[in-house]
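These notes concern the structure reproduced below.
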Amino acid sequence: MNETPLIGRLLNALKRFGMGIVNKFKSFFVVFAMIFVGIGRAIRNFFQKIVRAAKENPKSFKKGLSSFFLMGLGQLRNKQWYKGVPLLSVLVIVLLVEFITGDYIYAPGELQNHPPEDTLYFFRDYGGLFTRGVWGFLSLGALTIGMEYRGNMIVNEDFAYDWLQADNSRTLMGEGIIIFVIVAVIIGLWIFSIRDAYKTDLKIRAGMGVERAKDWLRRVWDDYFAYIIILPALFLITLFILIPFVFSFMVGFTNYDSAITLRADLIQWHGLTTFRDVFGADPAFRDFFLVVLGWTTIYAILSSITVYVLGLIQALIIESRYVKAKKVWRLILILPWAIPGMISLLVFSNVFGTDGLANRLLSDWGMVESVRTFFEMVGLLEPGGSGSIQWFTNPNNPNMARFIILIVNLWMGYPYFMLLITGVLSTIPQSLYEAADIDGGSASQKFRYITLPFVIRATAPVIITTFTFNFNNFGAIYFLTGGGPRYRTAEIPQSLRGIEPGQTDILISWIYSMAFESGDHDTYNLAAVYSILVFIIVAGFSIYYLSRLKSFWEED
């Protein structure tokens, strides 16, 4: 891949920036290691507490142990039916669901006639919701269309018996993840039952008596009100964010790509094979990943800085006492943000098309060559071109497409920061400016020592979240350039043909392209691996820098 001088300078700047990030992240990794050490110590202390509780309070320990063997039994023995009955009911419901959704009643009679030497998948054929879900997640299926099983042909029809239907690995993985989430909640309730039975018995033996149901409900409502009201939101987050995220994460450890036809083929667990391909087995994946990561980082940094700086400038201008009709100017300047982003991106995509408005206006005004010469002088176009400017499609001029992306992002993003900073400026005490005037401070000094520190302190968390947003700003690339211009065929290694990125693709748009727009080359597992890497990068950056901001953590 031939790099222009401008891209070379940007990559060198990115390298220096990356080294700075690495040095700063050393402390983050130290904290990460300390977390694992802390987890190990917590597990050790947990078992030490269990042993100590068994020795010091054997009778209370037995109450907790009874809830271990039967959830809610310890509460019933403590005469707290209002806790024991619901907890025991949860366990009964789980067992009933497992039995009702399974075919256990048919198993004894059918297994008598099953030859012992033939393969049998018991939980697949007879298991209920929970056992079949766990089996499906761990195995990702066992039988495909056309295979013979238990003397019958495996088919794809939905009306066939369940055990005669071909396995759909993707469905089994999704159902398994949901089952694991449900099981995790049940285990949490079980742990609560054990702990509560033990602690309640300690209080009873200390002479505090059995807490009445009414008093317990009132105490729970008062002490845990904040947690109770977020339960619906937590449920929705789990359903629409956590479960899809875990599914995407797990796909990275499989061989799932477009070559696999569901029900006719099975997805298989491949461990770290795809990660190994990305990081060393095939240098093409690593090299292109680093190139796209470099542009993604540059785009995220520049797009965040430019909108912030222009928003700050506009806010300072509007708040100046020399500006009249402030409301009118605010209304005009906020219009780019008021228009839906997708519409703005599609409009600009048409404006900068080969036969778009930009080229038509330049042609009508006779300025095509003058504009081309200027862009060639600043390094956005290669010398020697002629005719209409190819803003997004010329593989020799990726810098032009990247420049347009940054300009369009600036147009769409600065009004938000303008409004945000305008609000911050109104909170700065005027007494500080009056004191600066008395001391003879100039306008630049007042801006440097009063205005700017206040603004940055209040908006620093937003700057970081803006960077993380732009790092994954799929729409800005997909709807504006579609990732173009494309690389020349000669620049693409054979292993990447069909899933190669465009020269303006950022990681998230490349991931989408390789997963859903590569036709016969769709590689869902590779896209999932890159998604995991993006998550690690963005999460690590956000956690590290947000943890260093006092304005993010202060409560008063």
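Observations on the model:
Rundown of residues vs (1) assigned to a loop (DSSP other than H, G, I, E, B); (2) basic (Lys, Arg); (3) within 20 Å of residue 314 (Cβ to Cβ), yes/no style:
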residue: 437; (1), (2), (3): no, no, no
residue: 446; (1), (2), (3): no, yes, yes
residue: 459; (1), (2), (3): no, no, yes
residue: 466; (1), (2), (3): no, no, yes
residue: 477; (1), (2), (3): no, no, no
residue: 483; (1), (2), (3): yes, no, no
residue: 500; (1), (2), (3): yes, no, no
residue: 505; (1), (2), (3): yes, no, no
residue: 513; (1), (2), (3): no, no, no
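- Checked against the criterion of being over 33 Å from the mean Cα position of the chain (by Cα), assigned by TED's automatic domain parsing to the domain that holds residue 68, part of a helix (DSSP H, G or I) and within 26 Å of residue 268 (Cβ to Cβ), the candidates 135, 163 yield just one match: 163.
- Considering residues of region 211-238 that are acidic (Asp, Glu) and part of a helix (DSSP H, G or I) only, the residue farthest from residue 185 (Cα to Cα): 215
- Answer from 293, 331, 381, 346 - the residue that is surrounded by fewer than 18 Cβ atoms within 10 Å (Cβ to Cβ) and either of a type in the set (Gly, Ala, Ser) or at pLDDT 85 or above (or both): 346
- Some residue of region 286-293 being in the same structural domain as residue 501 (by TED's automatic domain parsing), under 27 Å from residue 416 (Cβ atoms) and out of contact with any Asp or Glu (no Cβ under 8 Å at 6 or more places or on another chain): yes
- Counting only residues that are polar (S, T, N, Q), without any contact (Cβ under 8 Å) to a residue 40 or more places away in the chain and surrounded by 21 or more Cβ atoms within 10 Å (Cβ to Cβ), region 480-526 holds 2 of them.
- As a summary of the residue check, residue 436 satisfies the conditions (1) in contact with a Lys or Arg (Cβ under 7 Å, 6 or more places away or on another chain); (2) more than 30 Å from residue 320 (Cβ to Cβ) except for the one numbered (2).
- Matching residues, region 517-527, being farther than 17 Å from residue 286 by Cβ and either modelled with pLDDT of 85 or more or under 16 Å from the mean Cα position of the chain (by Cα) (or both): 524
The values are calculated or read from the model by the stated rules, or taken from the named source; none is laboratory data. Nothing here was measured: the structure is a model prediction, and the numbers come from that model. With ideal geometry, Cβ positions are generated from the backbone for all residues, glycine too; neighbour counts draw on all protein chains shown.
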